[in-house]
Amino acid sequence: ELKVEQNPLFLSMQEGKNYTIYCNYSTTSDRLYWYRQDPGKSLESLFVLLSNGAVKQEGRLMASLDTKARLSTLHITAAVHDLSATYFCAVDGTSGSRLTFGEGTQLTVNP
Amino acid sequence: EAQVTQNPRYLITVTGKKLTVTCSQNMNHEYMSWYRQDPGLGLRQIYYSMNVEVTDKGDVPEGYKVSRKEKRNFPLILESPSPNQTSLYFCASRGFPHAEQFFGPGTRLTVL
C-alpha cells in the first residue's frame, strides 16, 4: 500500500524567510504532484514532476523529485503572506488511475 | 472554459435519506475520481473511473456507489448516508494516466 507523508504538518514562518516542505512516499513512483488549497476552496495544481531529478519553479516556489530517495521537496524562497495556504503532495500509483495524497502542510506566513 | 463542476455545493441531510452528488467535466477526460477530505487525513480516494462503464474502488468505497454512463458525468451516490460520511467531497478528472488532475469546487455534505 502506497503511503505518502509530509512534514511538517504545520509551518508558521515570517515573511522574507526560506523554508522547505518534505514529501516522502513508500513505493516506487516517478510521478509526483504538488497542490495548493486555500481555506474553503478547491485544489489548485502547482507542479507536476514526472521523472527523477525533475525540478520546477514558479515564482517563490520550487519543487524537486528524487525517486531513488522517494522524496520530493517544495522550497519556499522569501515567503510572502499570499503563500499562506495548505500544500499537498500526491503520488501516482503504477496504473496512473489513483493518486495518494499526503496529509497536507498548513503554511502560515506572518508579516 | 475547461472545468469540473459539482452540484450541490452544500448539502445538509438526515441519516438514511438517499442522495446524489453530480460531477461533470467538459474536457473530454477519460479518468474521473471522487475524493473525500477530512481534517488530518488529507484526501482519500473513494472511487475512480477509467472510462464509460469502467469503475473501481479507491481507498474508502464503503457506503458509496458511482456510475459512469457518459464520459462527461460521474455521479456519487449515497444510498443510506450516515453521520460518518459528513465530509468535503471533491470530484476530479484527468485526460490520461499520470496527467495533471483537475478538481471540482467541492461539495460540503453534512449528515445529521
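Rule-based calculations on the coordinates, nothing more; no lab input. None of these values were measured; they are calculated from a predicted model. Note that each Cβ is placed from the backbone with ideal geometry, even for glycine, and that neighbours are counted across all protein chains shown.
For chain B, the spread of Cα positions along the three principal axes, ordered from largest to smallest, is 37, 28, 27 Å. B:Arg36 sits among other residues whose Cβ lies under 12 Å from its own Cβ, and their net charge, with Lys and Arg +1 and Asp and Glu -1, is -1.
In this Cβ point-charge picture (+1 for Lys and Arg, -1 for Asp and Glu), chain A has a dipole of about 140 debye about its Cα centre. With a 10 Å cut-off around each Cβ of A:57-66, the average count of Cβ atoms from other chains is 0.
With the highest mean first, a sort of the peptides B:98-105, B:83-90 on other beta-carbon atoms found within 10 angstrom per residue produces B:98-105, B:83-90. Structural size metrics of chain A, computed from C-alpha coordinates, are Rg and Dmax of 13.3, 44 Å. The lysines within cross-link reach of A:Lys56, meaning a Cα-to-Cα straight distance under 25 Å and a gap of 8 or more places when in the same chain, are A:Lys3, A:Lys17, A:Lys41, A:Lys68.
Charges were assigned to the Cβ only: +1 to each Lys and Arg, -1 to each Asp and Glu. The resulting dipole of region A:49-109 about its Cα centre is roughly 160 debye.
Taking the Cβ of B:Ala99 as the center, what net charge do the other residues with Cβ under 10 Å away carry, scoring Lys and Arg +1 and Asp and Glu -1? Neighbour charge sum, excluding B:Ala99 itself: -1. The lysines whose alpha-carbon is closer than 26 Å to the alpha-carbon of B:Lys69, local same-chain residues fewer than 8 away aside, are B:Lys17, B:Lys18, B:Lys57. Springs join every pair of Cα atoms under 10 Å in this Gaussian network model of chain B, and among B:Leu41, B:Leu11, B:Leu78 the largest mean-square fluctuation is at B:Leu41. Rg over Rh for the protein assembly as shown works out to 0.98, using Cα positions for both radii and the Kirkwood form for Rh.
Here the gap between A:Ala78 and A:Thr28, fully extended at 0.36 nm per residue and compared with their Cα-Cα distance, gives a gain of 14.8 nm.
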